[in-house]
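See structure below.
Any read-out appearing in this document is the output of simple, stated calculations on the displayed coordinates, not a laboratory observation. All values derive from a computational prediction rather than experimental measurement. Using ideal geometry, Cβ is built from the backbone for each residue, glycine included, and neighbour counts are taken over all protein chains shown.
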Amino acid sequence: MSQYALVIDLDKCVGCHACAVNCKAWNTGGQYGPLTDKAPYGARPEGVWFNRVQTYEVGKFPNTEVVYLPKSCMHCKDAPCVKVCPTSASYKRREDGIVLINYDDCIGCKYCSWACPYGVREFDTYDGVMKKCTLCVDRIYNDNLPADERKPACVLACPTKARIFGDIDDPSTDAFKLIRERMGYKLLPEAATEPSNYYLPKRKYKIQLNMDDILVRKHLKVETEVKVLPFTGTIAEDIASP
Amino acid sequence: MHPEMSLVILTVFSTAGQGIFIFLVVMNSIVPESLSGSYIITAALASILFQFIGMGASFFHLGNPMKGWKAIMMWRNSWLSREVISLSAFVGAASLYLIIYITEMNKSILDIVGYAGIIMSIGFLIASSMVYASIGYIKEWANAFTPATFISLGLTCGAAFALAGFYLSCHHSEIYPKINLLLIAMTIFSFILKAMAYRFNANVYTSLSVSNAIGINDKHIKLMDRGTPYAHYNTKEYFHPITEDQSSIQKNLIMIVTFLIPLLIWMLIGLLLNINSHGAAFLAISGACVMLLGLLMERRFFFIQGNHFQNLYYGNYKKSSIDNPLVR
Ligand code: SF4
Ligand code: SF4
Ligand code: SF4
């Protein structure tokens, strides 16, 4: 039995939102029908997205780093959303482990979204049904697409190749290998849903300097008196003042 | 969680309506001579009407109400499915009870159908509260107080309505004070239960923080961008902005309206019973209505108090790692 899923490399993700945008684009024009978007260019754009990228600052200033966290359905192995659905509209496919919603059966009771600890299901008020990431099931098996494009739209869009799609239970796949090599982890394992999507942690980079580099630096410092001004006011003002 | 009015009305009216029915059936099998025909018919009708109000409201919650019947499919694993089935079965049993009474069939058949209705009702009360109590990611809901308060408050409010109708249409009888005493006892019991539930919820916590949510082990994690320029389902459905002060005001108000005012009224009725039964009936009806209003407030606040794990990702989870005794 396979379990298709996404492996997301937090070390490579630059938070460009390309995955989210391409996901929206494909799922608005793809075979699953449109995704609602209210006033997309207005002051209060509201719509359904299957994938959202959130930004966190980790650490205490000045030792901080930024983490971008793309989050979509984890296609959990023990999916609580499937268990609570009163109509069986939410189901997990045996052949590839993808969790899907049958829009014809969904009554829009929203109960499944309460049962998901990750908050990745979004209710489409226009269609009156619950929606979420389909793992691009309408792409990965799509004979109308060229073979190398039979991958999730978000994976294809990622400029840094931070998203890897594959069978996480098959030792021959990149996804499987990367999880082991890079110590891939699951979000919120405490929720005990056995999520299938994995995240590869950020790496710590250390720069090795040789003596020459240091000499150059010292030299530069003497030459161009770099003055560090204390930070006052807003950033905009700071940049504006000479 | 977002307090959805349709669910508030569903849970309050259906449980209260079942309380009326349970009270009616038990009284009719124990002291049938004290009940008037008009009372039995009105009480059964009121109980059914309450179910229809609840069911009608629940349709406003659904995105696809026309397909609502499909909710009966997964009774094997979904509490929501069981809730729908037991509610429909209860309405069937209550209607049958009414029909049997009107057509003056055998009294023992009437009692059997009545008790069958009570069994459906117990099934519904359990299923309906387990819909909430089984969501382990909302700590304020996933505890024994949820079914306990749902059942006890629903039955008490139902009993209040049943009693009001009883004073209004039944022959004067020596069981009046006993019923009044029972109602006072039920109200006090519900009051204690609810107070305990609020106390429990005030101290409920999880060892989780945003650090667990994103899988990065650091005490200082700040959300910089929610990944959305404006509110959306995940920032609205799981979260209702309320300050600590507002919530304690609401809690006090709920305790006063749901329990203390009705309790005063029941006591007043106790004093008034022998003097003026019409006055007592009027008081009983107003008491039941006040309690129903309180119950609507209580259920609305029940939703507001629910704090879903997914709020951790949006910086909306109220118990942050700072006031969490396990993470320092
Ligand atoms: S992430 Fe949520 S919606 Fe997706 S399978 Fe798991 S519980 Fe269900
Ligand atoms: S919203 Fe649809 S998919 Fe979710 S539990 Fe209800 S019927 Fe099932
Ligand atoms: S797999 Fe497809 S549906 Fe899921 S987030 Fe990526 S693009 Fe969106």
Relative contact order (%) - segment A:4-200, alpha-carbon pairs under 8 angstrom, separation at least six: 29 percent
Testing the spin-label approximation: label points 7 Å from Cα along Cα→Cβ at A:Asp11 and B:Ile188. State their distance in nm. 6.8 nm
I need the helices of chain B that pass two filters: whole DSSP H segments spanning 18 Å or more by Cα along the axis, and mean Kyte-Doolittle score no lower than 1.0. B:5-30, B:37-61, B:79-102, B:107-133, B:145-169, B:277-305
Quick check on the protein assembly as shown: what are the equivalent-ellipsoid semi-axes from the Cα gyration tensor, as sqrt(5λ), descending, whole Å? 56, 29, 18
List the residues of segment A:45-66 whose backbone N lies under 17 Å from a point placed 7 Å from the Cα of A:Glu149 along the Cα-to-Cβ direction. none
For segment A:4-200, max minus min Cα coordinate along each principal axis, in Å, sorted largest first? 47, 44, 39
Which trypsin sites (Lys or Arg not before Pro) in segment A:130-200 pass both tests, a DSSP loop state and at most 12 other beta-carbon atoms within 10 Å? A:Lys161
For chain B, build the charge dipole from Cβ charges (+1 Lys, Arg; -1 Asp, Glu) around the Cα centre, then report which of B:Leu87, B:His220, B:Gly136 sits farthest towards its positive end. B:His220
Normalised contact order of chain B, rounded percent, pairs of Cα under 8 Å and 6 or more residues apart: 25 percent
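Dividing the convex hull volume of the alpha carbon atoms of segment B:1-155 by its residue count, what do you get in Å³ per residue?
Working: hull volume 18.1 nm³, N = 155.
In segment B:1-155, the Cα convex hull volume per residue is 117 Å³.
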GluC sites (Glu not before Pro) lying in DSSP loop within segment A:59-125, provided at most 16 other Cβ fall within 10 Å: A:Glu95
Pairs to check: A:Lys132/B:Lys70; A:Lys177/A:Lys202; A:Lys12/A:Lys71. Give those whose C-alpha atoms are more than 19 Å from each other in this structure. A:Lys132/B:Lys70
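Could you grab the Rg to Rh ratio for segment B:51-142? Cα atoms only, Kirkwood for Rh.
1.06
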Taking every residue in A:7-15, how many Cβ atoms of other protein chains lie within 10 Å of its Cβ, on average? 1
Report the one residue of B:Gly114, B:Asn234, B:Val290 whose Cα lies farthest in the direction of the positive end of the charge dipole of the protein assembly as shown (charges on C-beta: Lys and Arg +1, Asp and Glu -1; origin at the Cα centre). B:Asn234
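Largest first and in whole Å, what are the equivalent-ellipsoid semi-axes of chain B based on the Cα gyration tensor, each being the root of 5 times an eigenvalue? Please report the intermediate quantities before stating the final value.
Values: eigenvalues 339, 109, 44 Å².
Ellipsoid half-lengths, sorted descending, are 41, 23, 15 Å.
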If you count, for every residue in B:311-317, the Cβ atoms of partner chains within 10 Å of its Cβ, what is the mean? 3
With n ≥ 4 as the cut-off for DSSP H runs, can you work out [θ] at 222 nm for chain B, using -39500 (n - 2.57) per run divided by the number of residues, rounded to the nearest 500? -22500 deg cm²/dmol
Under a no-solvent Debye model with one identical scatterer per Cα of segment B:63-216, what's log10 I(q)/I(0) at q = 0.09, 0.15, 0.16, 0.18 Å⁻¹? -0.45, -1.03, -1.11, -1.22
Would you tell me the mean number of C-beta atoms belonging to other protein chains that fall within 10 Å of each C-beta in B:72-79, as a whole number? 5
Distance between modelled label sites at B:Ser38 and A:Arg44, nm, 7 Å Cα→Cβ extension: 5.1 nm
State the extension gain, in nm to one decimal, for the chain segment bounded by B:Lys178 and B:Ser207, taking 0.36 nm per residue of separation less the distance between their alpha-carbons. 5.6 nm
Over segment B:79-235, relative contact order from alpha-carbon pairs under 8 Å, at least 6 apart, %: 18 percent
Got a sec? Charge dipole of segment A:4-200, +1 on Cβ for Lys and Arg, -1 for Asp and Glu; which of A:Ser196, A:Val14, A:Gly33 is way out at the positive end? A:Val14
Eligible aspartates and glutamates near A:Lys131 by straight Cα distance, threshold 15 Å, same-chain separation 8 or greater: A:Asp37, A:Glu46, A:Asp104, A:Asp105, A:Glu122, B:Glu237
